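Handing you this structure, nothing more for now.
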Amino acid sequence: MTVTFVTTNPGKVNEAREYLAEPVEQLDFDTPEIQSADLGAIAAHKARAAYEHAGEPVFVDDAGLFVDAFDGFPGPYSSYVHDTVGVERVWRLTSEEDDRAASFRGVVAYCDGQEFEATPEPVDREDRRGRDLAADERGAATTDEQVRTDDGDGDALPVKLFYGVVPGEIVAPRGDGGFGYDPIFEYDDRTFAEMDPDEKNAVSHRGRALAKFADWLAERDTPE
Ligand code: IMP
């Protein structure tokens, strides 16, 4: 079965192909993004919109840098903060804190219009269109629980979520590789910008989420 990665970023598609046994095609479509403090909610909404647009099995991803001392900020707003405040100033802000721990968090969201059998990865079923999202819970669901609507009717298309997290520390910028916050994110004594792409992918949030997704998809494709 071919799966379609709905993203404007061909680099991410190449990375996904490294993990998935199934053929991956790119659909270059800019999915609408809701505002929420919850990465899973954002990705689930994107996955539904992508499925409605493509009409075939799709996945999308969403990621961000979460700084512990700032209760996870910039988190889901990482892209905006990157483009406005900039990496150097995020470092300077964090350098004033005693605790410089941070994590990259990412989620891969898959939708094929079908119901899913229960596995440890959560399923999002909430149609958030038109809702006030400010009250949504922050952070990744990590349990078997199914993320359900609290005020909707729960009949939105189910979206399977695969989370990946990599813990690290914010440091003064080092390295020329990578993108985004890579120069200020240190993992195992090196910043992501000091690693070559394969090294980074092997430990990154996106790599971890893709690995979980790949395992699940391979299992699901296996005939009984
Ligand atoms: P996206 O959801 O993958 O587009 O990521 C949102 C923002 O988070 C990007 O604009 C980057 O600033 C940041 N980001 C996500 N993943 C990474 C990464 O692997 N390295 C550095 N920055 C990242």
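The values are calculated or read from the model by the stated rules, or taken from the named source; none is laboratory data. What you see is a predicted model, and the numbers here were worked out from it, not measured in a lab. Don't worry about glycine lacking a Cβ; one is built from the backbone with ideal geometry, like all the others, and counts go over all protein chains shown. These accessible areas exclude ligands, DNA and RNA; they are computed on the full protein's heavy atoms, side chains included. Shrake-Rupley method; radii C 1.70, N 1.55, O 1.52, S 1.80 Å.
Does A102 fit the bill of being touching a residue at least 12 places away in the same chain (Cβ under 8 Å), within 17 Å of R206 (Cβ to Cβ), of a type in the set (A, V, I, L, M) and open to solvent by 30 Å² or more (accessible area, probe 1.4 Å)?
Values: touching a residue at least 12 places away in the same chain (Cβ under 8 Å): yes; within 17 Å of R206 (Cβ to Cβ): yes; of a type in the set (A, V, I, L, M): yes; open to solvent by 30 Å² or more (accessible area, probe 1.4 Å): no.
When the stated conditions are applied, A102 does not pass them.
Within the stretch 93-118, count every residue that is in contact with a Lys or Arg (Cβ under 9 Å, 6 or more places away or on another chain) and among the hydroxyl-bearing types (S, T, Y).
The qualifying residues number 2.
Which members of the stretch 165-177 meet the condition of being surrounded by 15 or more Cβ atoms within 10 Å (Cβ to Cβ) and out of contact with any strand residue (DSSP E or B) (no Cβ under 8 Å at 6 or more places or on another chain)?
Once the filter is applied, which keeps residues that are surrounded by 15 or more Cβ atoms within 10 Å (Cβ to Cβ) and out of contact with any strand residue (DSSP E or B) (no Cβ under 8 Å at 6 or more places or on another chain), the stretch 165-177 yields only G177.
Another one. Which of the residues that make up the stretch 186-205 are without any contact (Cβ under 8 Å) to a residue 12 or more places away in the chain and within 13 Å of the ligand (Cβ to nearest atom)?
The initial filter retains those residues of the stretch 186-205 that are without any contact (Cβ under 8 Å) to a residue 12 or more places away in the chain, namely 189, 198-199, 202.
Residues satisfying the conditions are E199, A202.
Now a separate question. Are any residues in the stretch 9-58 among the aromatic types (F, W, Y) and part of a helix (DSSP H, G or I), and if so, which ones?
Quick first cut of the stretch 9-58, residues among the aromatic types (F, W, Y) only: 19, 29, 51.
Residues satisfying the conditions are Y19, Y51.
Hey, can you tell me all the residues within the stretch 76-98 that are free of Cβ contacts under 8 Å to residues at least 12 places away in the same chain, β-branched (V, I, T) and open to solvent by 20 Å² or more (accessible area, probe 1.4 Å)?
Matches in the stretch 76-98: T84, V85.
Right, next: Does the stretch 105-119 hold any residues that are open to solvent by 70 Å² or more (accessible area, probe 1.4 Å) and modelled with pLDDT of 95 or more, and which are they? Before the answer, list the steps.
Just the residues of the stretch 105-119 that are open to solvent by 70 Å² or more (accessible area, probe 1.4 Å), to begin with: 105, 114-115, 117-118.
Within the stretch 105-119, R105 is the sole residue that qualifies.
To continue, here is another question. Which ones in the stretch 44-75 are in contact with an Asp or Glu (Cβ under 7 Å, 6 or more places away or on another chain) and either open to solvent by less than 40 Å² (accessible area, probe 1.4 Å) or among the small types (G, A, S) (or both)?
Passing the criteria: A44, K46, P57, A69.
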